[in-house]
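Q: Have a look at this one before I ask anything.
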Amino acid sequence: MQKIDFYYHHDEHFKKQLKSKKTIWISLILTLIFAFLELFGGIFSNSLSLVSDSFHMFSDVLALGASMVAIYFETKKPTEKFTYGFLRLEVIVAFLNGIVLILIAVGMIYESVIRFFNPREIDFGSMFFIALIGLIFNIVITWILFSSTKKENNINIKSAMLHFLGDLLNSVGVIISSIIIYFTDFIYIDIIMSVVISVIIFIGGYRIAKEAFFILMEAVPSEVSLEILKNEILSIDGIENIHELHVWKNDNEEISLTAHILLNNYERYNNYRIVNEIKEKLLAHNIFHMTIQIENTGINIHHSE
């Protein structure tokens, strides 16, 4: 019997996330401490941009906490009830995190409008000092998260890294506004900076929620062209038609595919050879998890509407 030299993929449906767990714990504790520091500092100095950034930091704490739960479940093996494992939990967490960020951004923009008509005196010293600490803090956390992404691939860690990279830029913004206030007494720059920070938060939250939403809705991944994929499969000798073609992601990494294939001559073509040729086409598109069903219209009844 001829041996077929072909790569068969069997996904474990769970991840080993030892480095990610440690990174999340360190980031969560440090972020919580600094979030309180920024909040009290913002209240003490009457700086709205500091208060808005503190709420952003608290949202990061919630996101990191949820990510910790998601990472814990990601390491659990599939069960008889959850045969795909718990990898999609990280997508659910990312979606909720995105929605929370959007709500926080809208709330802070609303507060900025109120503060615009009721400006308050700002303590430059406190504002500048806390923002400077924030800059150092965000550089450290961003570096920790970036180092973790080099060891293990996790959407929550990458998402958190982007959050703190945004926080780093926010800290720079607060420092700039505090310097402008010191030299010009133009306190409205604090409100303007708060709006800018809120817009950054909104955009980040929207992007995260959008990506997670498409995965949850099992939409065709952006890196896959369904039309090109279909044409490549139909170009295989012996294939008459293809239907029930579905392409989706269970998490942010692996692409899955299912398809029903009709042959034009069931006596002439070997089903196993057809399946292998389809798999070779799909591997070129980084699709490793697939289910191909060969159908015979003489046996498998098809209803037309």
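The values are calculated or read from the model by the stated rules, or taken from the named source; none is laboratory data. In this text, all values refer to a predicted model and were calculated from it rather than measured experimentally. Don't worry about glycine lacking a Cβ; one is built from the backbone with ideal geometry, like all the others, and counts go over all protein chains shown. To get the accessible areas, we keep the full protein, side chains included, count just its heavy atoms, and leave off ligands, DNA and RNA. Shrake-Rupley method; radii C 1.70, N 1.55, O 1.52, S 1.80 Å.
Q: Return the residue satisfying two criteria in turn: it lies in segment 242-277 and is touching a Lys or Arg at 6+ places or on another chain (Cβ under 7 Å) and among the aliphatic types (A, V, I, L, M), and of such residues it is modelled with the lowest pLDDT.
A: I255
Q: Then there is this: For segment 238-287, what are the residues that are in a loop (DSSP other than H, G, I, E, B), open to solvent by 30 Å² or more (accessible area, probe 1.4 Å) and aromatic (F, W, Y)?
A: Y266
Q: Within segment 174-202, track down each residue that is among the acidic types (D, E) and surrounded by fewer than 19 Cβ atoms within 10 Å (Cβ to Cβ).
A: D185
Q: Restrict the check to segment 5-20 and report whether at least one residue is buried (at least 19 other Cβ atoms within 10 Å of the Cβ) and modelled with pLDDT of 75 or more. So that I can check it myself, show each step before the final result.
A: Initial filter on segment 5-20 (buried (at least 19 other Cβ atoms within 10 Å of the Cβ)): 13, 15, 17, 20.
If we keep only those that are modelled with pLDDT of 75 or more as well, we get none.
Taking every residue of segment 5-20 in turn, none turns out to be buried (at least 19 other Cβ atoms within 10 Å of the Cβ) and modelled with pLDDT of 75 or more.
Q: For segment 264-279, name all the residues that are of a type in the set (D, E, K, R) and either in contact (Cβ under 8 Å) with a residue 24 or more places away in the chain or closer than 14 Å to I242 by Cα (or both).
A: R268, E277, K279
Q: Same structure, new question: Could you tell me which numbered condition N300 fails, if it satisfies all but one of (1) modelled with pLDDT under 75; (2) in a helix (DSSP H, G or I)?
A: Condition (2) is where N300 drops out.
Q: Just wondering, is there one or more residues in segment 151-158 that are under 29 Å from L30 (Cβ atoms), at pLDDT 80 or above and open to solvent by 20 Å² or more (accessible area, probe 1.4 Å)?
A: No, every residue in segment 151-158 fails to be under 29 Å from L30 (Cβ atoms), at pLDDT 80 or above and open to solvent by 20 Å² or more (accessible area, probe 1.4 Å).
Q: Filter segment 57-114 down to the residues that are under 23 Å from S198 (Cα atoms) and of a type in the set (S, T, N, Q) and list them by number.
A: Once the filter is applied, which keeps residues that are under 23 Å from S198 (Cα atoms) and of a type in the set (S, T, N, Q), segment 57-114 yields S59, S67, N97, S112.
Q: Can F116 be described as of a type outside the set (D, E), open to solvent by 60 Å² or more (accessible area, probe 1.4 Å), out of contact with any Leu (no Cβ under 8 Å at 6 or more places or on another chain) and without any contact (Cβ under 8 Å) to a residue 60 or more places away in the chain?
A: Values: of a type outside the set (D, E): yes; open to solvent by 60 Å² or more (accessible area, probe 1.4 Å): yes; out of contact with any Leu (no Cβ under 8 Å at 6 or more places or on another chain): yes; without any contact (Cβ under 8 Å) to a residue 60 or more places away in the chain: no.
No.
Q: Can you tell me which residues in segment 100-113 are open to solvent by less than 30 Å² (accessible area, probe 1.4 Å) and more than 14 Å from the chain's Cα centre (by Cα)?
A: Result: A105, M108, S112.
Q: I've got another one for you. Filter segment 40-55 down to the residues that are within 20 Å of Y110 (Cβ to Cβ), outside any loop (DSSP other than H, G, I, E, B), open to solvent by less than 10 Å² (accessible area, probe 1.4 Å) and touching a residue at least 40 places away in the same chain (Cβ under 8 Å) and list them by number.
A: Within segment 40-55, G42, L48, S49, L50, S52, D53 qualify.
Q: Here is a follow-up. Just need a number here: residues in segment 203-214 that are under 19 Å from S112 (Cβ atoms) and either crowded, with 19+ Cβ neighbours inside 10 Å or in contact with a strand residue (DSSP E or B) (Cβ under 6 Å, 6 or more places away or on another chain) (or both). Explain how you work it out, then say what you get.
A: The initial filter retains those residues of segment 203-214 that are under 19 Å from S112 (Cβ atoms), namely 203-206.
Of the ones still in play, those that are also either crowded, with 19+ Cβ neighbours inside 10 Å or in contact with a strand residue (DSSP E or B) (Cβ under 6 Å, 6 or more places away or on another chain) (or both) are 204-205.
Going through segment 203-214 one residue at a time, the tally reaches 2.
Q: Answer yes or no: is there a residue in segment 62-80 that is among the charged types (D, E, K, R) and modelled with pLDDT of 80 or more.
A: Residues of segment 62-80 that are among the charged types (D, E, K, R), as a first pass: 74, 76-77, 80.
Filter once more, keeping what is modelled with pLDDT of 80 or more: 80.
Yes, segment 62-80 has at least one match.
Q: I need the full set of residues from segment 63-99 which are outside any helix (DSSP H, G or I) and surrounded by 15 or more Cβ atoms within 10 Å (Cβ to Cβ), in order please. Break it down into steps so the answer makes sense when it comes.
A: From segment 63-99, those outside any helix (DSSP H, G or I) are 75-88; that's our starting set.
Matches in segment 63-99: T75, K76, P78, F82, G85, F86, L87, R88.
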